[in-house]
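The values are calculated or read from the model by the stated rules, or taken from the named source; none is laboratory data. Keep in mind the model is a prediction, meaning the values are calculated, not measured. Here the Cβ is made from the backbone with ideal geometry for all residues, glycine too, and neighbour counts use every protein chain on show. Heavy atoms of the whole protein, side chains included, go into the accessibility calculation; ligands, DNA and RNA do not. Shrake-Rupley method; radii C 1.70, N 1.55, O 1.52, S 1.80 Å.
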Amino acid sequence: MKTLTDIEVLEGVKVLVRADFNVPMRNGVIEDGFRIKSTLPTIDYLRSKGAKVILISHLESIDGSNQTLKPVADELIKMGEPVVFVKDFKKAHEILEVQIKNGDCVLLENLRFFEGEKANDTHFAQELASFADIYVNDAFSVSHREHASIVGIPKFLPSYAGIQFEKEVAALSKVFNPAHPFLFILGGAKFETKLPLLQKFMNIADTIFVGGALANDFYKAKGYEIGTSLVSKGNLPVAEFVASSKVLLPVDVLNQHNEAKPADGVLKIDKILDSGPQTLEMLKAEISKARCILWNGPLGLYEEGYKSATLGLARLISEATAQGIETIVGGGDTLAAIAEGNLQDTFTFISTGGGAMLDFLAKGTLPGIEALNASEI
Ligand code: 3PG
């Protein structure tokens, strides 16, 4: 994978940068600009070398509808980047030739307004490539998607990894050979998407804590009565994990009345919404023994406001970082908890990736990495 320092000349060169500006928004206002900030080192490096920077991204709201990137352009301007927002792709060539000087940048409108992006359409990839001389992928967090802007463009332009992209690969690769004891904490939902990851880390981690809705699948397999608690679809092969002494589950869980229910022995509960205080105590003890901690996914129904255990865990892991423990964290709700706890700079590495982080950890590569490696131009 070639990186920015492999580019010999940047003065006056048009560089197409795939960023991930898919940021949480509420009523048109950006709630967390972490992903935007993460792209600044790449933008600043290219601008400082006199490149013309063309930023591209997607932006979807929680309901899956595509949103204009205009608020992101405004945010970039607030962060000190002199960005020209280009809504109409047809005008991009002219703007780049006439208006944009060396060291300036433009942001093109949301790629997903075009069907060709998700369809990985060759013509759409070619159209995007036609704006520039060089392509840089700094969108690690979308690089699990086989979309035109991720895997299509490298077929047409000399292609490089951006600074955040490089950092993600280096930091996440560390957990394939971690310092021991290595504690893996996996929360969230959709067991079926996390099964390959659990299988892989059964061989690497010393302890695996399974929390959030994933733990409900384990409780169900144990025959606990968990009422209408969120569980994954289908018959999932949880037995091998349930039987393993490496795997820990929450020892108490909370329902809507905030009643802690011991989960060892017998459990009968209407609906599990969060982990309880005894679980956090258990995690505190595990964290104090670890030399390396990997965490992805909330311990409760975070988006519905059941945040207490996740926020508590974020604080515990942040404190461990201050003690010199290597801590690598990521995932949408995990990032939200870190922002809510004001803990942004208190981990060894915070991944911008949600699904991309999980896929990279499970497979050791992503379609976006493969596309950069295969680019022969
Ligand atoms: C993310 O938010 O995980 C990335 O931006 C990818 O978004 P997507 O799941 O809509 O493809």
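Residue pairs whose Cβ atoms lie under 6 Å apart, separated by 6 or more positions or on different chains, with the first residue in region 52-77 and assigned to a helix (DSSP H, G or I) and the second near the ligand (Cβ under 10 Å from one of its atoms) and modelled with pLDDT of 95 or more, are 72/21. Scanning region 21-56 for residues that are of a type in the set (Gly, Ala, Ser), over 24 Å from residue 345 (Cβ atoms) and open to solvent by less than 40 Å² (accessible area, probe 1.4 Å) turns up 50, 51.
The single residue among 340, 376, 319, 326 that is at pLDDT 95 or above, surrounded by fewer than 20 Cβ atoms within 10 Å (Cβ to Cβ) and away from the ligand (no atom under 16 Å from the Cβ) turns out to be 319. Say we look at region 325-342 and pick out the residues that are touching a residue at least 12 places away in the same chain (Cβ under 8 Å) and assigned to a loop (DSSP other than H, G, I, E, B); which of these is nearest to residue 292 (Cα to Cα)? Ranking the qualifying residues of region 325-342, first place goes to 325. Annotation note: of 268, 222, 233, 261, the sole residue that is within 23 Å of residue 196 (Cβ to Cβ), among the basic types (Lys, Arg) and in contact with an Asp or Glu (Cβ under 8 Å, 6 or more places away or on another chain) is 233. Looking at the structure I just gave you, is residue 104 more than 16 Å from the ligand (Cβ to nearest atom), charged (D, E, K, R) and either at pLDDT 95 or above or under 26 Å from residue 370 (Cβ atoms) (or both)? Yes: the conditions hold for residue 104. Applying the condition of being part of a loop (DSSP other than H, G, I, E, B) and over 20 Å from residue 120 (Cα atoms) to region 346-377 and asking which residue is farthest from the chain's Cα centre (by Cα) yields 346.
Only one of the listed residues (153, 163) is away from the ligand (no atom under 16 Å from the Cβ), of a type in the set (Val, Ile, Thr) and open to solvent by 10 Å² or more (accessible area, probe 1.4 Å). That residue is 163. For region 216-237, the count of residues that are open to solvent by 10 Å² or more (accessible area, probe 1.4 Å), among the charged types (D, E, K, R) and within 16 Å of the ligand (Cβ to nearest atom) is zero. Does region 194-206 include one or more residues that are among the acidic types (Asp, Glu) and open to solvent by less than 70 Å² (accessible area, probe 1.4 Å)? Looking through region 194-206, at least one residue is among the acidic types (Asp, Glu) and open to solvent by less than 70 Å² (accessible area, probe 1.4 Å).
Here's the yes/no breakdown for (1) assigned to a strand (DSSP E or B); (2) open to solvent by 10 Å² or more (accessible area, probe 1.4 Å):
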| residue | (1), (2) |
| --- | --- |
| 93 | no, yes |
| 97 | no, yes |
| 106 | yes, no |
| 112 | no, yes |
| 116 | no, yes |
| 120 | no, yes |
| 125 | no, no |
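One residue stands out among those in region 23-51 that are in contact with a strand residue (DSSP E or B) (Cβ under 6 Å, 6 or more places away or on another chain) and not in a helix (DSSP H, G or I): the one that is nearest to the ligand (Cβ to nearest atom), which is 23. You will find that of 359, 345, the residue that is within 16 Å of the ligand (Cβ to nearest atom) and among the charged types (D, E, K, R) is 359 and no other. Residues considered: 283, 249, 254. Of these, the only one that is touching a residue at least 60 places away in the same chain (Cβ under 8 Å), crowded, with 21+ Cβ neighbours inside 10 Å, in contact with a strand residue (DSSP E or B) (Cβ under 8 Å, 6 or more places away or on another chain) and not β-branched (Val, Ile, Thr) is 283.
Annotation: residue 60 fulfils all but one of (1) over 20 Å from the mean Cα position of the chain (by Cα); (2) within 16 Å of the ligand (Cβ to nearest atom); (3) not polar (S, T, N, Q); the unmet one is (1). Scanning region 74-83 turns up no residue that is open to solvent by 60 Å² or more (accessible area, probe 1.4 Å) and within 16 Å of the ligand (Cβ to nearest atom).
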